[in-house]
Structure formats: structure tokens, C-alpha cells
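Asker: Take this structure first; my questions come after.
Nothing in this text is a laboratory measurement; each read-out follows from the coordinates by a stated rule. Predicted, not measured: the structure shown is a model, and the values here were computed from it. Cβ atoms come from the backbone with ideal geometry, glycine included; neighbour counts cover every protein chain shown.
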Protein chains: 4
Amino acid sequence: MKKQITFILLFVFFTVLVHGQRKINRLPDLEGYVTLKCDLHMHTVFSDGQVWPTIRVDEAVRDGLDAIAITDHLEYTPLQEFVKNDPDAPWKISEEYAKERNIILVHGTEIGRNTMPPGHMNALFIKDASLCNKDSVWGCYEAAIQQGAFLMWNHPGWKNQRPDGIPKLYDIHYRLIEKGWLHAIEFFNNVDYYPLVLEMCKQHNLAVMASSDMHGLISDKYKKPEYINRPMTFVFAKERSHDALKEALFAGRTLVWFRDKLAGKEEFAKPFFYRCISVSKPYYENDKKIFIEVTNNSDIPFTLINGGKFPRTVFLEANTVTRIAVSKNAVFPLVYEAENILVGEKEFLKVELK
Amino acid sequence: MKKQITFILLFVFFTVLVHGQRKINRLPDLEGYVTLKCDLHMHTVFSDGQVWPTIRVDEAVRDGLDAIAITDHLEYTPLQEFVKNDPDAPWKISEEYAKERNIILVHGTEIGRNTMPPGHMNALFIKDASLCNKDSVWGCYEAAIQQGAFLMWNHPGWKNQRPDGIPKLYDIHYRLIEKGWLHAIEFFNNVDYYPLVLEMCKQHNLAVMASSDMHGLISDKYKKPEYINRPMTFVFAKERSHDALKEALFAGRTLVWFRDKLAGKEEFAKPFFYRCISVSKPYYENDKKIFIEVTNNSDIPFTLINGGKFPRTVFLEANTVTRIAVSKNAVFPLVYEAENILVGEKEFLKVELK
Amino acid sequence: MKKQITFILLFVFFTVLVHGQRKINRLPDLEGYVTLKCDLHMHTVFSDGQVWPTIRVDEAVRDGLDAIAITDHLEYTPLQEFVKNDPDAPWKISEEYAKERNIILVHGTEIGRNTMPPGHMNALFIKDASLCNKDSVWGCYEAAIQQGAFLMWNHPGWKNQRPDGIPKLYDIHYRLIEKGWLHAIEFFNNVDYYPLVLEMCKQHNLAVMASSDMHGLISDKYKKPEYINRPMTFVFAKERSHDALKEALFAGRTLVWFRDKLAGKEEFAKPFFYRCISVSKPYYENDKKIFIEVTNNSDIPFTLINGGKFPRTVFLEANTVTRIAVSKNAVFPLVYEAENILVGEKEFLKVELK
Amino acid sequence: MKKQITFILLFVFFTVLVHGQRKINRLPDLEGYVTLKCDLHMHTVFSDGQVWPTIRVDEAVRDGLDAIAITDHLEYTPLQEFVKNDPDAPWKISEEYAKERNIILVHGTEIGRNTMPPGHMNALFIKDASLCNKDSVWGCYEAAIQQGAFLMWNHPGWKNQRPDGIPKLYDIHYRLIEKGWLHAIEFFNNVDYYPLVLEMCKQHNLAVMASSDMHGLISDKYKKPEYINRPMTFVFAKERSHDALKEALFAGRTLVWFRDKLAGKEEFAKPFFYRCISVSKPYYENDKKIFIEVTNNSDIPFTLINGGKFPRTVFLEANTVTRIAVSKNAVFPLVYEAENILVGEKEFLKVELK
């Protein structure tokens, strides 16, 4: 009760209210696009999560996200003895709350079955989750697609459903792909990741995604400084808006980030890397060496390795200028593999320092 | 759904399950007692809080508490469009969960009225909160007392109800005191504190209390390192058990701690301080000075000032040994006031370094 | 010996050597200028400091400085039983070392007398410190000026020489000013500051300066997160070079920063503030309020207060976007005083959010 | 000059001087012994280090050490153009300084040769380093031994002298062992470690040692929280004194710690582990499980693994209580290997939770 009363009092007295604060993440835009930081898979008390939907918005503000989706399980509601069984309740409760906080809220739900196939699937950008809950899982997909849904296959290598941890496309997934109904697959989920997803997404032209799938508290799961941030999908959108986010996702313009790992299609990974990094002109030289500086202006640390006879690692710490001394005999540009940027199941991004 | 399935799989395979971790707080026991770290006032989605009751238990484990009470508002349930109106739901949901985690859960509720008097009152150690919800606030108190309740007057100087921030005992509070129905008053609430409460508690023989009154997330409100911890009531109990906690609270054996401030009755503050601190024998001397070490073996920093002609502050940082050089002419014991230990509205604890 | 040998081995094998890392400070440039972060007053074992000169360069790299001066006492060398008495030794030892690390090293020394007047004075941009050591302090100044020195009056309110802590210009200082030989005064020194210095600098057209005056370790004195950084002088230079730094200092283009406090002349403080801050268009409105975001893209927190009938503080945390809800009746621009930006002894910078 | 004057002023005015603070490390004593935290190998400007000797004492206070030795290279003094060539200067400069700060200072030096054998050797507990500097390395050892020295073989697998990183005892080392002149070998040096050293120490009854071998700043090398602390030798001494430290070292009563790794002889590792850990009685049970708590009351995290058919790891975080749920069918005591406690080259300590 305290909060509500405070609010009224303040409104009478003051004309300016400061409401809260959003962290700035140092993550560059791509040319022609803004980089939206997104986590589109999480839970609340309306399925098996442990928080009220507004907490998910508060966490997004604190973590500097641009967009979230609350995607409670459609058919699994173990708390319904105490909580109303309404799959659209998170949306109703948070829509206005998110708008006031400048967080783009995506209406979503999670359609799940206990076995793989088909596993779990998020339906995003829907209008009414309650209309998606059908007996057959295909019926669920169909109802979601009729609302214009973006379908994301969640944790495809989840060990409870794929004991070997390796994702596999089954018939039902191929049918979805053929109909153009599957739009994305999670590469990062919670603290796991599935390298093979990169090949699937490249082959079938799907968006690569990262989600926390959080049930409890983000801050307790992803403790700093061990974790830099929760898993994030970077979406390269034409502007910072709900509709531009949607357009960009359907177009598959994403990269994913978690801890020290960045992953996605080379067409996005490469320009993103070069937006994070800048190389100075030589600032000094002595008899044997030339000195240059490499600036990593982002929150993401990069590890570059040159695979020559005497391999040598360059570690570009986040938000830091790294000084490099190059032999006067060295041939420019210096060629490296970025060991923390995956552009294929077993393929690192090749980069140059020029 | 994920969590539950994981659990079953693990149970089949392994005989040992590691469940989680409780922080060790460095806070001494008193002779004959164990110091129980308690926060007995907080909220969940069952009134106007934003978390599921189990989160409150998880937060207690993380923060190293021994006991908590979830005390949702009895008569103020703004989320009941979505959440069942059952004042005992937090207890039902968390009882077993807390036992598994070795957290003492106290059954409680908050009885509130919009104006002061009487303000808000926590009823702790009750059996059935639903039986306490009466039309008259006195009826509520009576029903709680019939269940053996410990009544704590919450945030008595809360500015929404006492614009000057200064607590005042009204007739209804005196009536409660006369009947022996009022047992405690909050000195710390959330981030505020009310020095006058110490005088009220000493005069009427009540327990001095500290609570977070948390509605959102503890970790977002009390960010480290700015905040060492949430507000805590130290209860000096005969053992670490629910019943011993209850006995100690009714006997008024408490101290309260928040940030750098400790407060309570001198009979507890003084021995507690001497349990935190030890003074070494001189370990070295030169022509003019004798060197001693003062060890502060606790998480609480202490600030000592000697009020002589040339006042001088000794700052005993938490978990640290402070080296002191004393003039050979100095007279022992060195006498100080502990500026961060309140034993009265305007009275600091006097201490000696011997 | 270990280091040297390692170095040789690596040189044989590898063509690229990574040498170390410089922190990025988020501090904006002014239009037409780059902001050089400087600390131009510190000590080593060549007077009464406790580190070798190269440590000062390493600390500068770690802290993200652009320029430092090592300014050992010219006439006070208590360690000379063990260390050669050569006031230019720090320069000789660190010149190349600083160049390799892209730190601008300024050749300097500190000319001191035990009493005030004249107190202590740094001579910067000198050629040969040994030639500055004369019997009379005026002779020292003269010798320094003949080398083109920039003279900075250090800690003018240092309590050992000015027990009341308030700086005062004496005859000798006025004589220096008249001759155009005094160029700057320290506003921040170590952990102290002297508000009156702002008036002196404005009146006599001197540069406002901040220095650590460090004798021990920077990291032990200015512990994070309590301290954001050491005291820094921001010098607005035409480029990042030794000569541009010198030009800018003689022109008096500086601001100073320590902890949450920024100080200097309004002509620099105002544009600097507006380079740190940006205000969004309204991103949302409801019946009563308009919502805007204020981005503080710098490492410096700002505290704005509007001095109306109901004063209200806006706290713009460093590297954070603050959400503000404004009444629909509010008149733009919103007018504030920046309580942590001093532009006079008792004068805060006035700013607008438009 | 500032410091000295401050000191005098304070002495006149005040009778109590607070000098500084020593961190408390949570590391248990063994029965009958106190655990002295030692780092007995580090450098200053008197060989190729970068700090004045007093900094080494300050760092020891800050890090909560009990004893240090400053062991500058006897025959390698690259800074002697500027610094007096006196191998006993560190001792002369720091002896009184350390006493005032209650740090046990051990008089030492490092006797080195550019090749292996013999590599580098610390001579500790000597009287006069200058008398140890002989043409032949054996002459150096002899001179040190005549002064009662404790000889420690430093970084025996240092890659500059042993490219494969594996230590090997050469004839000269065997000769030292036969004469009883070699007393210890470094297991940890700087950030490296050499598992084979454990076998050497067990076979020849030598003390296992850990040292920082620091040349620059401890705080820059061992950044928290990545590093918990610098490498430390735990010496189990009869009391906290110089002579008791010496007796314990000659008796070989040590363990070594760095990051998450503890190493040494089983006779010390086993009781040390059991002093860190305590196991509670079952505090709760349900149909299938019994719940116990394991308290790790130390700064050292422990990782236990039971090597059964379904291996399962118990991670006992530092200063934390870990809750364990055991199947009712489980057989006590639970048997584990402590994966972070080495008692042989490839041998982990076996422990039981009872």
C-alpha cells in the first residue's frame, strides 16, 4: 500500500518525476541499423516462474535491454491453485508498465510438449495467447501463425529431451520450415549453447537467437562479474520500435551474445566486429618495432589468434585500448581468427587488423 | 516445466543432490545465545509485492539469514484480479521450501490502516491469517493475539502517515502496551530509521526491530557494496530454532543493524560490541609510542571517537585489524564513544579499549 | 632478470607483441578539441615517493590517462643515502618507456619551501631540472621560466602551511602573476580541494588544476568503487600531443574532476556538460505525464536540483539513461543547478534540459 | 615532504595514532600451531623491481600476510646507475617499518645464475647479504649457509631455463640435498606451478613453497576478483614470531595456496581441510532425502568429486554453507577426492564428509 500513496502525494507536489534508470551497454550499431538488445524468452508466476511480470520489465531496464517477451507456458501452469490461468495476463499486466519505461514488450507464449520432437516453441508477436492453446501441437502452431506469429524453436539440444545435447531437426520441424512457419532457433538458452544451430540457421535461413529462459531472478543466475550479462539477441532494426524489431527478426538480422561468446551469420558478425574495434596509426617506433593501438570500444572481449607457426593470441579486453608492438618485418594487415566469434558449428570469424 | 523434469532425472541417477548455498555473515553470538539474523517483514504477489513467496526464501539463503516472515497485507490485495485472495498462501507455499533450505519461516501477516493511528502492525507467529481479518483494526489485533501473536508496530514514522517523520505513541498504542499486546517497534524500515523508537522500546520494554519491508527485489534495493546488507534484526536465542526465536523475541533480546548503524538496548549492544572486537597486547614499542592491534572480526564497521580536547577518530573497518600507536603517556583503557552504535535517541554506546 | 630474458626470447619467435592495456574513460571531447586526461603532480623514489618512475607510467596506462608529469621535490631528497640525487632521473628513466605506451610524459619538478608563502610550486615543460635548484626560491622560478616552464601553485590551502585550509595569495604570488610567471593553481590535491581557487583562477586568468600528488600507490589511495578515479585535469587540446597539451595549458583550457565533483570556468564546464548529456524526445505519454529519457554518456555522475518551491533532485548516474516523467503542465526547458559542478567558490553551473 | 611534517604535527596534538589496517584472511590454524601467511620472494628497486621496500610491507599489510622476505638479486642490479648497490638496503630500510606494522620481515636475498642448473635460489634468515656474493655459485650457497640460511630453490620449471616447464634435480641440487643445505622448493611462482615439486619435496623432505616473485605491483598482477590472493605459503608455526617461523620452515611444516589450488604434504593438507570444513547433523528429512549442511569457513573454495559410477561434484564455495540433500539409501561417510588439493604430482587429497 505504501507505494501507491507515495505516488499520489508526489504527483500533487512536483511536476517532474524521476522514475528509474537504464544501463548503457557499449554495443555498436550496424550501418543503417540500430542494435536492439533483446531477451525474448522468460517466465513469471503465470506458468512456472517465480516473479510478477513487472519484475521482468524492471530487470530489462536495469540490464539495458531494448526489448523482452514474457513467454509463459501455454499448457503448463503448476501454480494455478493460487494464480489465475490466463496466458495473456503477463501482457495485460506489463504492457503499460513497459511503455512508461521505454521497453519494447513483445506479446508471446511458449508452446511445449514433454518430448522431442517437437520440444518447445516460442510464438512471438501474437495477439491472443489463449486462442493458441489447442489439443494438437500443430494446432497451436497454426493458431499462432494465423495471428502473425514469429516461431522460435527453444533449447533444441536440451538434455532432458535430447540426452546427448545435440539438436536434430525432426519431420515436424522440416514441415514447419517448408511452410515458412519456423523463423528462428535458440543458439544460447539459459547457460547452454548448441553450435550446430548455426548450420541449421544458415541452411534454412532462420534467425539465430539467445534467451535467458529465466524462471527465477536474472541477477542471481547471471552474477557479475563472472557473467557480463544475460544471453542477448542483438537485432539489427531500422529503428528502435516494436514494428522495426518485428521486421528485423522476420528478416533474420541477428547476432547472439553470452559471456565471452558471440555467434551468428558472418554477414552480421563481420561488420559488427569492425564496429567494435578500431586500429590506430603507428604512434611510435624504435629500431625493431612499430607500436599501434587497438581500441575495443565495446562490452565484449575479443580473443584473436594467428594460426602461424608460432601462434600468438591478442586479447582485446572490453572497453580497453590494447597496445601492440609489431616487428618492422611484419606484413600488414595482420590476419587472425576471432576465437570467441562463431560463424559456423566449428568455424571462427576471420578478421584483419589493418 | 524444465525444472521439474530435471529434478526427477537426477534423483534416479545420483544419491547426493547439492541444492544451494547460504552466505556466512561474520556476526558474533552472545554468551549463552546464538545470534539469529532475521528480516520479519516483507511482501509477495499475495498483497502488493512482486515476487512469489519462494523467492523470499531464496533471497534469505543468499543473504545468510536465519529467519524470515512473509507478511502480506491482510486487507490490501490489489492483485486479486489475477492472484487468489488467501492471506495464508505464502505460508502454504513456502513452509516446506524453507525447511529444505534450513530457513526458519515465521507465519505472519500485516494488519494495516490508511491513517496513523494506528498505522501498520505485523502479527507474527500466528496460526491462520485469514481469521485475523476483521472490520475493526482492534478486532484484527485481538484475533491475532488469540493465536499467540507477537505484534510489531511497523515504520512508526513513515512520512505518508507522519509527515514529520517522527513516531508518536497514540492512545491505541498505549492501550496495546497496557494489555501486553504490543511487543516490538521497527527502528529500521526499508531505508529509513526512527531514533525515538529506542526510547519507546526502553520505556515500555519492547523489542527493537529492523525490516526490509521489501516489495520488489532485495538485491536491487540494497545494492552492494553501497549497502553491506539489508536491514536485519539480530535475535539472541537459546538455539537456532523456530521456538527459541519466538521465546527470544517475546523476551525482547534484539539488536538491529543496517549499513554502518547498529542500534538497541545497551545490555545487548555492549556485549555484542566486545564480541566483535579484540585488542592485542602491545606488539612493539619505540621511544615514544606503544603499538597495539584492534581486531574487528565482524561484518560491521565501527567508528570510535574520543571526546577529549583533541578528538580523534578510530575507524575499525569490518573484518580488519587496525594498528594503533599510542603515546607512552597515554592512560589505559582508552575511552571512546561508538558513533555508529545508538543506545538511545541521541546516545552512543561508550566503549573501552583495554 | 626474468623479464629481460623473456623479452629476448619472445622477440626471436614472434612478430607481434602485446604489451598492455589502457582503460577507456567515457569523457567527451569539446568541439574542436580533444580532452586529454592529465595528472601532472606525483612523486617517486627520487624524492620522497615510494615507487620507481616506470610505475607512474603503468598506473597512467591502467587508469586511462593521456599525460602525466613526475615532479619530484627539487630540494628535498630524503632517500639519497640509497638513491642518486638527480632531479632529472625520473625523466631519463621514463621517457622512452612512456613513448612505447603512448603516454605523454611532461618533464617537471616541484620547487618547495617549508612555509607559506610561497609554499610549493610545480615547474612543468622544463628541459633540465638540475638547473632550477637555486638558493632563493625566486631564483628557482626564474631558472624554470627561462626554460619555458608552466608554473602551477600546488595545494595552496594545505593545512600544514595554511592551518585554516583557505588559500591566500601573498606578495610573492602577486609578483609572479604580474610577471606572467604563474599559470595555474591546484583546485584538487590528493583528496582535498579549495573552492576559492576558482575565483583566483577566474580573476587572474589561470588554469584550474587537479593532481594526485601521489607518493605511494594510486590504487591503494583511490580504491574503487569508493573512488571513481584519481583527481584529473581535463585539458582541451587541439590534438593528442605533447605540444598541443602545452599550448592548451598555457591557454588555460582546463576542467578538473575528482569523485563526483567537476570544477572550472563556466566557458568549459557548460559545453562539457552538454557533451555528456543528451535529452530524448518524449517517447510516451499518458493522461497526465510526458516521459523523456536523459542519457548521461560519461563516467561522471551529475546531480541536478531545481530550486523552485518544491525542489526536486534529478540524479543522472554515470553511463546510464534516466527516465523522467514530466507533468503535462510543465514548462520547457527544465531549469536546474548542477550541484556537483562548481564554476565559482559558491556557484553551481546552471543547466537546462530541453 | 608533506608526510613528514604531518606526522610531527599530529604527534604534538594527539596521543593516539591510527596507522593502518590489515585484512583478516579466513584461514584456520592447525592444532598446536598458528598458520602464518607468507610470501618470501619479491623484488624492489635494489635489483630489478619497481618499488621501494616499504611498499612491499604496505602490500603485505593490505593483503593480510604475517611474513615477507624481500629477496633482491644479489648479482643482478640493473638500476645501479641510479640506486646504490647494497644487497642489504631493503632490510635496512624496512626493518623498523615492518616492526611498527606487525609484519615479520625475513632477511633474504636471491642467488641466481643465468642457466639451469643451478637456476635461482633464495637464501632466507641470513645476517648479511653482501657477504654472500661470491664468484662461484657454490661459494654463495656456502656463505649463506654459514649465516644459518634456509635455501629455497625458486621456479624450478621456469620456461626461460627449462623450456618444457618441468623441473629436474641436477647434480648440484643433489649435492645441496645431501649436505642438508636445500630446504625448500617453490611449487607456485608468480602465476605458474610445478606439480612434480610435490614429489621432490616428499622424497627429500623439503618444504613446499609459494611466492609471488613480484617485481611490479601485487595489486596489478593479482587483480580481484579473478585472483583471490597472491600465492601464499602457509607455515604452521608454534607462535606468530620470527623465530617460530624459522623453526617451522626448517621443519618443513607448510602448505601452499594460489587461486583455487592448495598443495602440500598430506599430513598438513588433511587436517587443514578438516579445519576449514564442518558438516552439520541432518536438519531436515522428507520421504526420500536427508538434508545436511557443509560449512566452508575459509577463503578457499573446495571442489569435491565422488568417483563412482555417476560422479557428482560438490562445490564448497568460500565462506559459505552448502546444503546437500542425500538419498536415504546413501552410505556414510560420503567419500570424495578434493580436486583442488594436490598431495602429489597427480594425486588429490581423499576426504570424507561424516
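Asker: To confirm my reading of the symmetry, which residue of chain B has the Cβ nearest the axis that brings B onto C, and what whole-Å distance does it have?
Answerer: Per the Cβ-to-axis criterion, the result reads B:Pro225, 3.
Asker: Sticking with this one: Could you work out the relative contact order of chain C? I mean the mean sequence separation of Cα pairs under 8 Å and 6+ apart, divided by the number of residues, in percent. Mind showing how you got there, number by number?
Answerer: Details: 761 pairs, mean separation 48.4, N = 354.
This gives 14 percent for chain C.
Asker: If you don't mind, another one. Need one number: % antiparallel among DSSP beta bridges in segment D:19-264, to the nearest 5.
Answerer: Numbers: 24 of 39 bridges.
Close to 60 percent.
Asker: Under the rule of -39500 (n - 2.57) per DSSP H run of 4 or more residues, summed and divided by the residues of the protein assembly as shown, what mean residue ellipticity at 222 nm is obtained, to the nearest 500 deg cm²/dmol?
Answerer: Working: 36 runs with 344 residues, N = 1416.
When only DSSP H runs of four or more count, the value is -7000 deg cm²/dmol.
Asker: Let me ask something else. Hey, got the average number of other protein chain Cβ atoms within 10 angstrom for residues in C:44-56?
Answerer: Values: counts 3, 9, 1, 1, 5, 3, 9, 7, 13, 2, 2, 9, 1.
Average neighbour count from other chains, rounded to a whole number: 5.
Asker: With a Cα-only, solvent-free Debye model of segment D:277-353, what are the log10 I(q)/I(0) values at q = 0.13, 0.20, 0.25 Å⁻¹?
Answerer: Log-scaled intensity ratios, in q order: -0.41, -0.92, -1.29.
Asker: Hey, got the Cα dimensions of chain C along the principal axes, in Å, largest first?
Answerer: Principal-axis extents of chain C (Cα, largest first): 77, 63, 34 Å.
Asker: Relative contact order of segment A:278-353, please, whole-number percent, based on alpha carbon pairs below 8 angstrom and at least 6 residues apart. Could the numbers behind the result be given before it?
Answerer: Numbers: 148 pairs, mean separation 20.7, N = 76.
Relative contact order comes out at 27 percent.
Asker: Here's something else I'd like to know. Would you list, by chain and number, the aspartates and glutamates whose Cα falls below 19 Å from the Cα of B:Lys288, excluding same-chain residues fewer than 8 positions away?
Answerer: Partners found: D:Glu95, D:Glu96, D:Glu100.
Asker: Related question: How high is the relative contact order of segment C:156-212, in percent, with contacts defined as C-alpha pairs under 8 Å that are six or more residues apart? It would help to have the intermediate numbers written out before the result.
Answerer: Values: 70 pairs, mean separation 17.8, N = 57.
RCO, segment C:156-212: 31 percent.
Asker: Also, quick follow-up: Kirkwood hydrodynamic radius of segment C:187-308 from all distinct Cα pairs, in Å?
Answerer: For segment C:187-308, the Kirkwood estimate is 16.7 Å.
Asker: For peptide C:107-116, what's the mean number of Cβ atoms from other chains within 10 Å of each residue's Cβ? Walk me through the numbers before you get to the answer.
Answerer: Numbers: counts 0, 0, 0, 1, 0, 2, 1, 2, 0, 0.
Partner Cβ neighbours, averaged per residue: 1.
Asker: Let me know the Rg and Dmax you get for segment D:64-214 when you use only its Cα atoms, in Å.
Answerer: In Å, with Rg to one decimal and Dmax whole: 15.2, 45.
Asker: Take the Cα radius of gyration of segment B:21-76 and divide it by 2.2 N^0.38 Å, with N its residue count; two decimals is plenty. Walk me through the intermediate numbers first.
Answerer: Values: Rg = 13.6 Å, N = 56, 2.2 N^0.38 = 10.2 Å.
Relative to the rule-of-thumb radius for its length, segment B:21-76 sits at 1.34.
Asker: Rounded, prolate or oblate: which fits segment D:134-227 when a ≥ b ≥ c are the square roots of the eigenvalues of the alpha-carbon gyration tensor, with rounded for a/c under 1.5 and prolate only if a/b beats b/c? Present the calculation step by step, with values, prior to reporting the outcome.
Answerer: Values: a/c = 1.96, a/b = 1.56, b/c = 1.25.
In terms of gyration-tensor shape, prolate.
Asker: Calculate the length of the line joining the C-alpha centroid of segment C:186-244 to that of segment A:70-116, in whole Å.
Answerer: 53
Asker: Taking just the alpha carbons, could you work out the radius of gyration and Dmax for the protein assembly as shown, both in angstroms?
Answerer: Cα only, the protein assembly as shown: 33.7, 98 Å (Rg, Dmax).
Asker: Please report D:Asp48, D:Asp220, D:Asp66 as a ranked list, fewest other C-beta atoms within 10 angstrom at the top and most at the bottom. Numbers along the way, then the final one.
Answerer: Working: D:Asp48 19, D:Asp220 14, D:Asp66 23.
By the 10 Å Cβ count, ascending: D:Asp220, D:Asp48, D:Asp66.
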